């Protein structure tokens, strides 16, 4: 086992990480080195990292990487200055908070190794936050089993729900399962109204002659919408060049889908997905927000075109693909309508028994409730003051 803190030093293990990524217990494209390293470099200013690498020694005496846990060292709360190792999550929400560590199939005992390392106080951290873990996986089962058998550690856990597309027998079966007849009629009406504006065409990267131009169009379209206005688009972050290179790299690896909708050749909506077979992960969805297009729901129409393609082995989105993780927030209006099922994402905050940190996490549910009450009181006071002064 090795713990390093330098991004450049992590890059020395690229070959080992690439090999590990080919044989994972749980897929997580955001921790694969060709994606992780560029985002780390873009976000790494004033951040402190701890990268835990766990090795095996097979009979031929060559070490083999079997586990990878990228942590960021943070303070639990500005009022509770306890140090915490938190599984790293992309701060720009390109792949929203998917934090399943890279563990080789059949080596879930890496979780036990990690917990022993933390319990022995070698981390110089008071807490460890294993967040963004997909529920129902061998990693979560191993973690819950290990925690139940360790009296030296205490923990609290919580769950949120995201959105998953899981392939059905065919596209009609999927759509009938997620949309009522009335909603399907509404969707067809949106498409007819869109076709009134011109010829509607869908295409993916395998139908594109100039991938660089397509990526530029995609980035520009996002920047023209609300994300650009609020300073959270790829261009607004100043990430155009490295994100473009990342998507070109994904394309060269045959792991990129960039499905587009055009009306009379004008780009109206685009949807970027990264493959990690048998699954896939949504990178970004964007569409033209002008009223003439937005009221025809181009984003939702593009999602259901993607769902149709997901059910065709002849299409990029369907070839050897069984599911798509939307990597979205629980309240997304588009994905809550188009998902086939909820995807539970779990978080475990762990402390050593008898420590101040253990007391802090034991009190955290009460602190959260107190904060809610304080926020409620603050809103009530503001409303009263506003009523008196208006």
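The criterion of at least 3 residues that are touching a residue at least 40 places away in the same chain (Cβ under 8 Å), within 18 Å of residue 216 (Cα to Cα) and under 21 Å from the mean Cα position of the chain (by Cα) is met, among strands (runs of 3 or more DSSP E) falling completely within region 227-334, by 256-263, 266-276, 279-287. Assigned by TED's automatic domain parsing to the domain that holds residue 262 and closer than 26 Å to residue 312 by Cβ: is that true of residue 172 in this structure? Against the criterion (assigned by TED's automatic domain parsing to the domain that holds residue 262 and closer than 26 Å to residue 312 by Cβ), residue 172 qualifies. Picking from residues in region 187-223 that are surrounded by 14 or more Cβ atoms within 10 Å (Cβ to Cβ) and without any contact (Cβ under 8 Å) to a residue 24 or more places away in the chain, the one that is nearest to residue 251 (Cα to Cα) is 220. In region 111-128 there is at least one residue matching the filter, namely being in a strand (DSSP E or B), in the same structural domain as residue 24 (by TED's automatic domain parsing) and within 26 Å of the chain's Cα centre (by Cα). Can you spot a residue in region 345-363 that is within 27 Å of the chain's Cα centre (by Cα), surrounded by fewer than 15 Cβ atoms within 10 Å (Cβ to Cβ), at pLDDT below 90 and not assigned by TED's automatic domain parsing to the domain that holds residue 189? Checked against the condition, which is being within 27 Å of the chain's Cα centre (by Cα), surrounded by fewer than 15 Cβ atoms within 10 Å (Cβ to Cβ), at pLDDT below 90 and not assigned by TED's automatic domain parsing to the domain that holds residue 189, region 345-363 yields no hits at all.
Would you mind stating whether residue 249 is in contact with a helix residue (DSSP H, G or I) (Cβ under 9 Å, 6 or more places away or on another chain) and either at pLDDT 95 or above or at positive phi (or both)? Against the criterion (in contact with a helix residue (DSSP H, G or I) (Cβ under 9 Å, 6 or more places away or on another chain) and either at pLDDT 95 or above or at positive phi (or both)), residue 249 qualifies. Only residues that are under 20 Å from residue 294 (Cα atoms) and in contact with a strand residue (DSSP E or B) (Cβ under 9 Å, 6 or more places away or on another chain) were counted in region 225-239, giving 3.
Picking from 297, 336, which residue would you name as being within 27 Å of residue 181 (Cα to Cα) and in contact with a helix residue (DSSP H, G or I) (Cβ under 6 Å, 6 or more places away or on another chain)?
Numbers: 336 fails: in contact with a helix residue (DSSP H, G or I) (Cβ under 6 Å, 6 or more places away or on another chain).
That would be 297, the only listed residue that is within 27 Å of residue 181 (Cα to Cα) and in contact with a helix residue (DSSP H, G or I) (Cβ under 6 Å, 6 or more places away or on another chain).
Residues that are touching a residue at least 40 places away in the same chain (Cβ under 8 Å) and over 20 Å from the mean Cα position of the chain (by Cα) within region 24-49 comprise just one, 48.
Going by the structure shown, is residue 6 within 23 Å of residue 84 (Cα to Cα), surrounded by fewer than 16 Cβ atoms within 10 Å (Cβ to Cβ) and out of contact with any helix residue (DSSP H, G or I) (no Cβ under 9 Å at 6 or more places or on another chain)? It is true that residue 6 is within 23 Å of residue 84 (Cα to Cα), surrounded by fewer than 16 Cβ atoms within 10 Å (Cβ to Cβ) and out of contact with any helix residue (DSSP H, G or I) (no Cβ under 9 Å at 6 or more places or on another chain). Go through the residues of region 29-39 one by one and say whether even a single one is under 19 Å from residue 117 (Cβ atoms) and crowded, with 16+ Cβ neighbours inside 10 Å. Within region 29-39, one or more residues are under 19 Å from residue 117 (Cβ atoms) and crowded, with 16+ Cβ neighbours inside 10 Å. Against the numbered list (1) touching a helix residue (DSSP H, G or I) at 6+ places or on another chain (Cβ under 7 Å); (2) assigned to a loop (DSSP other than H, G, I, E, B); (3) not assigned by TED's automatic domain parsing to the domain that holds residue 356, residue 190 comes up short only at (2). Can you tell which of 267, 259 is at pLDDT 95 or above, surrounded by fewer than 23 Cβ atoms within 10 Å (Cβ to Cβ), under 28 Å from residue 245 (Cα atoms) and in contact with a helix residue (DSSP H, G or I) (Cβ under 6 Å, 6 or more places away or on another chain)? Result of the check over 267, 259: 267.
The values are calculated or read from the model by the stated rules, or taken from the named source; none is laboratory data. The shown structure was predicted, so the numbers you read here are calculated from the model rather than taken from an experiment. Ideal geometry is used to build each Cβ from the backbone, glycine not excepted, and the neighbour counts take in all protein chains shown.
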